[in-house]
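> Please find one structure pasted underneath; my questions will follow.
The values are calculated or read from the model by the stated rules, or taken from the named source; none is laboratory data. Bear in mind that the values here come from a model prediction, so they are computed numbers and not experimental data. Note that each Cβ is placed from the backbone with ideal geometry, even for glycine, and that neighbours are counted across all protein chains shown. The area values use the complete protein model at the heavy-atom level, side chains included, leaving out ligands, DNA and RNA. Shrake-Rupley method; radii C 1.70, N 1.55, O 1.52, S 1.80 Å.
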Amino acid sequence: MLLVRHGASADAIEGTPHELLEGQGNPPLSPIGREQAELVGARLAGGDCAAIWVSSLRRPAETAAPLARRTGLVPVVDADLREVFLGEWEGGLFRQKVADEDPIAQRMFAEQSWAVVPGAESDDAFGARLRDAVNRIAAAHAGDRVVVFSHGAAIGEILTQASGSRPFAFIGADNSSISRLIVTPERWIVRGFNDTAHLSDPA
């Protein structure tokens, strides 16, 4: 299972929140994000890909589009792959709070818990839905190579469950990076994290 974080999304503008989908921020990709999507699509198109899965939010779907176009595969949408729900900090406010070093944001990082954010999804619920998604995808494509386009915190949570690491150990994945996971009936195995070779300047 190749876990791809979406490309860079449009900037949040103070006073102009992102549109919401079922309560979650749903920005499009930025121009840089669209370039990243083309690069990761070109890199992965040469492999033996059995299926493409995406979260129900806009930015993973837009990131997956170049690979889908190159392979002819129709992405499967799974809402359980969406980003952690950030309650009162949705719509772009989360980025601003972190940039401003808001005390709640600092506590969130110190405790390594999304649930510190007012109204946010519980850590248990977040982990459970991603575990269900991974198991569902693996069951549908046993023995196959699958590309999953999701989000930074979601990919981090999947790798945390696979490795038994601290909760926020893998939340630093770059936009359009590739992480690798082997899923077996007995266990999940992390085979790679944050591969951005396709974004490197060839010079």
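> Keeping all protein chains in place, calculate the accessible area per residue for the range 118-186 (probe 1.4 angstrom), answer in Å².
Averaged over the residues of the range 118-186, the accessible area is 40 Å².
> On full extension of the chain, what length is gained from Ile104 through Asp132, given 0.36 nm per residue of separation minus the C-alpha to C-alpha distance?
Extra length available between Ile104 and Asp132 comes to 7.1 nm.
> What number do you get for the range 117-178 when its Cα radius of gyration is normalised by 2.2 N^0.38 Å, N = residues?
Working it through for the range 117-178, the quotient is 1.18.
> Bin width 10 Å, alpha-carbon pairs only: give the P(r) of the chain as whole percents, running from 0 to the bin holding the largest distance.
9, 36, 38, 15, 2
> May I pose another question? Looking at the range 1-91 from every direction and averaging, what is the projected area of its Cα convex hull in nm²?
Dividing the Cα hull surface by four gives the mean projection, 6.0 nm².
> Under a Cβ-only charge scheme (Lys and Arg +1, Asp and Glu -1), can you give me the dipole magnitude of the range 124-203 about the Cα centre, in debye to the nearest 20?
200 debye
> Now for a different question. Among all helices in the chain defined by DSSP H, which have a length of 18 Å or more along the axis from Cα atoms plus a Kyte-Doolittle mean of at least 1.6?
The answer is none, since no helix passes both cut-offs.
> Out of the total accessible area of the chain (probe 1.4 Å, heavy atoms of protein only), what percent is carbon and sulfur?
Answer for the chain is 50 percent, counting heavy atoms of protein chains only.
> Then there's this: Let's see if you can work this out: charge +1 on each Lys and Arg Cβ, -1 on each Asp and Glu Cβ, no other charges. What is the dipole magnitude of the range 101-151 about its Cα centre, in debye to the nearest 20?
My answer is approximately 300 debye.
> Hey, another quick one. Can you give the charge dipole size of the chain about its Cα centre, rounded to the nearest 20 debye, using +1 on the beta carbon of Lys and Arg and -1 on the beta carbon of Asp and Glu?
720 debye
> Would you mind telling me which residue in Leu159, Leu81, Leu20 has the biggest mean-square fluctuation in a Gaussian network model of the chain, where springs connect alpha carbons within a distance under 10 angstrom?
Result: Leu20 has the largest fluctuation of those listed.
> Also, quick follow-up: Taking loop as defined by DSSP and a crowding limit of 10 other beta carbons within 10 Å, which GluC sites (Glu not before Pro) in the range 116-186 fit?
Glu186
> What's the extension gain from Arg191 to Ser56 if we count 0.36 nm per residue and subtract their Cα-Cα distance?
Here the segment from Arg191 to Ser56 would lengthen by 46.0 nm.
> So how much slack lies between Arg166 and Leu21, counting 0.36 nm per residue of separation and subtracting their Cα-Cα distance, in nm?
49.2 nm
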